[in-house]
There are 2 protein chains.
Amino acid sequence: MLAKIKAARDTLRKSEQKVADVVIADPEQSVQSSIQAIATLASVSEPTVIRFCRALDCVGFQQFKLKLAQDLARRGTFFYQDVTVDDSSKELANKLLDGAIASLVQIRNQINEDQLDKAIAMYEACERIELYGSGGSAVVAEDAQLKFFRLGKPAIAYSDPHIQHASAALLDKNALVIAISHSGRSSDILKTVEIARQSQAKVISVTATRSPLAQVSDVALTVDVNEDSDIFSPVKSRLGQMVVLDVLAVGVAVRGGDHMLEQLSRARRAIDFKFV
Amino acid sequence: MLAKIKAARDTLRKSEQKVADVVIADPEQSVQSSIQAIATLASVSEPTVIRFCRALDCVGFQQFKLKLAQDLARRGTFFYQDVTVDDSSKELANKLLDGAIASLVQIRNQINEDQLDKAIAMYEACERIELYGSGGSAVVAEDAQLKFFRLGKPAIAYSDPHIQHASAALLDKNALVIAISHSGRSSDILKTVEIARQSQAKVISVTATRSPLAQVSDVALTVDVNEDSDIFSPVKSRLGQMVVLDVLAVGVAVRGGDHMLEQLSRARRAIDFKFV
DNA sequence: TTCATTATGTAATTTTACTACAAACTGTTA
DNA sequence: TAACAGTTTGTAGTAAAATTACATAATGAA
């Protein structure tokens, strides 16, 4: 939740940002405050606070406070810690693992059931799938391709933006695009999605809450992660994206009933034996 | 909090006990209810509910709900559960995420510091790196390539076993191979490693404990994960492998001192901005 | 049975969250 | 730059929730 606020902060309206800042500055305090108190602190009106909550997919202020409270309760179990030069490799490993775990916990608490259901329905309705991701997200797209092509519909992943553009232009209304991007701001992916939509294709994005990419997609599966402590590529969001796509794929499989599940597990044994 | 309610339950007054029973019966529901709703459910008056909260050392109903919510958030964290056909997408997502989290916790608890230190030393001693992984592990190898090539030495990932063989044959004693395989039993990867060792290259494997691959490597970074519940490709071991390789890369970077870390974080910002 | 004490409920009050609408601001077209 | 549409924000009112004060009922000891 807190990560979600941070991620969404820049896409909020000006006065809502003030609210976000107040909450980020002292979440423990916010959780105990009334709308009025927060509104005063942020120098905005009370409805603005409610609008802020709604922008974060909460039905109201109470739910927002509840989610925030739960978020606060959970951190402390595994939490982010910066790596320092004096760390032993054991400490280093623990810190990094803790960070990764914490981010998955965060994602777990953020899953939007509604969007997920829609995404599953979109898969069921489509005839083929294209996965777009560049740079680090290319890895995720490829991983997802491995999953999706076992579900019975053609699935292909492209990492080169030029090829993405070209391929997106050739889609039709029976195609489903899954666009993967950590920030959701890369102009390449936005352009690709724009082209895909012109081709009438449906678009699911796996990206940050309220990012430009999320906003131009039919369905957004959001992955918000605190990347401050990542030195390299954003491993944590990578992991999050992979798991979210796994959830989608399993969701599709489960809707297909027992039969499909069994078939898949047989396929898995056969393939894994050879490849992994 | 929930424990507190249970403990206090018998010392409460009769009608407060009714409230306690309602809360214990369905805490998730209670956390979202109003005083009125709970009062009705327990067939008591609203002030009784408040008295119940006060009896539990809360200043009011709101604080009680908050504490209960935090309690709920903390408890029962993360264990494997099989997905069933009747699961809602929310349940499904939670089960899968929990499984993934549990597996990272497991990896965290079994990191072998000694092997990790050796691996870091081997990186420092080598001149170039080759990453081998096929099928699902190809994704991990690619991801690792992205990390390692920023550390200053050439790094390249191959997924095609034939090319792996050919490339391994051309290595020398200054080369470092990182071989990735979930099972550590695929004959392709074993053959590749055998060739690499004949070429005098050093070998780090990222695979299951005591697997054939682990046994023929100079250093084995082990990733053991309960895959029973994975329907598709082994996501969990995939995640584990990625994190373990991240640990290795960060470890290398940290040994390079503050200077290297800073340089990397600058590089990251530049690259991420464009690519992710 | 009566009285004191405790427990519970009723009804009023206050606080809080939320809604509807209007004003103010932003940016765009003529 | 004036007029406009669209968006953002605030004002004022409303509904609902939590809380209080007080009354009534239950309990139990003398």
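The values are calculated or read from the model by the stated rules, or taken from the named source; none is laboratory data. For clarity, every value in this text was computed on a predicted model and none was experimentally measured. Here the Cβ is made from the backbone with ideal geometry for all residues, glycine too, and neighbour counts use every protein chain on show.
For the stretch A:41-59, a residue qualifies if it is away from chain B (no Cβ under 11 Å) and within 11 Å of DNA strand C (Cβ to nearest atom), and the qualifying residues are A:S45, A:E46, A:P47, A:T48, A:V49, A:I50, A:R51, A:F52, A:C53, A:R54, A:C58. Within the stretch A:149-183, the set of residues being closer than 21 Å to A:A214 by Cα and facing another protein chain (nearest Cβ under 9 Å) comprises A:S181, A:H182, A:S183.
Here is the figure for the stretch A:92-133: residues that are of a type in the set (D, E, K, R) and crowded, with 20+ Cβ neighbours inside 10 Å total 3. Scanning the stretch B:83-130 for residues that are within 20 Å of the chain's Cα centre (by Cα) and closer than 16 Å to A:V243 by Cα yields a count of 17.
Looking at the structure I just gave you, is A:A102 within 7 Å of chain B (Cβ to nearest Cβ) and modelled with pLDDT under 90? So A:A102 fails the test. Of the residues making up the stretch A:154-167, those that are surrounded by 17 or more Cβ atoms within 10 Å (Cβ to Cβ) and touching a strand residue (DSSP E or B) at 6+ places or on another chain (Cβ under 7 Å) are A:A155, A:A157, A:Y158, A:S159, A:Q164, A:S167. Only one of the numbered conditions (1) modelled with pLDDT of 95 or more; (2) part of a helix (DSSP H, G or I); (3) not acidic (D, E) is not met by B:F273, and that is (1). Filtering the stretch B:161-196 to residues that are part of a strand (DSSP E or B) and of a type in the set (V, I, T) leaves B:V177, B:I178, B:I180. Does B:K153 satisfy the criteria of being in a helix (DSSP H, G or I) and either of a type in the set (S, T, Y) or modelled with pLDDT under 95 (or both)? In short, no. Within the stretch B:179-222, the set of residues being in contact (Cβ under 8 Å) with a residue 60 or more places away in the chain and either in contact with a Pro (Cβ under 9 Å, 6 or more places away or on another chain) or not assigned by TED's automatic domain parsing to the domain that holds B:A169 (or both) comprises B:T192 only. Criterion applied to A:R128, A:R51 was being at pLDDT 90 or above and touching a Pro at 6+ places or on another chain (Cβ under 6 Å), and the one residue passing it is A:R128.
Tally up the residues in the stretch B:199-224 that are basic (K, R) and out of contact with any helix residue (DSSP H, G or I) (no Cβ under 8 Å at 6 or more places or on another chain), please.
Selection size over the stretch B:199-224: 1.
A:G136 fulfils the conditions (1) over 16 Å from the mean Cα position of the chain (by Cα); (2) crowded, with 21+ Cβ neighbours inside 10 Å; (3) over 24 Å from B:D86 (Cα atoms) except for a single criterion, (1). Regarding the stretch A:21-31, can at least one residue be identified that is within 15 Å of DNA strand D (Cβ to nearest atom), within 14 Å of another protein chain (Cβ to nearest Cβ) and at negative phi? Looking for residues that are within 15 Å of DNA strand D (Cβ to nearest atom), within 14 Å of another protein chain (Cβ to nearest Cβ) and at negative phi, one finds at least one in the stretch A:21-31, hence yes. Taken as a whole, the condition of being assigned to a loop (DSSP other than H, G, I, E, B), surrounded by 15 or more Cβ atoms within 10 Å (Cβ to Cβ) and either within 16 Å of DNA strand D (Cβ to nearest atom) or within 12 Å of chain A (Cβ to nearest Cβ) (or both) applies to B:V83.
Scanning the stretch B:197-210 for residues that are away from chain A (no Cβ under 14 Å) and part of a loop (DSSP other than H, G, I, E, B) yields a total of 5.
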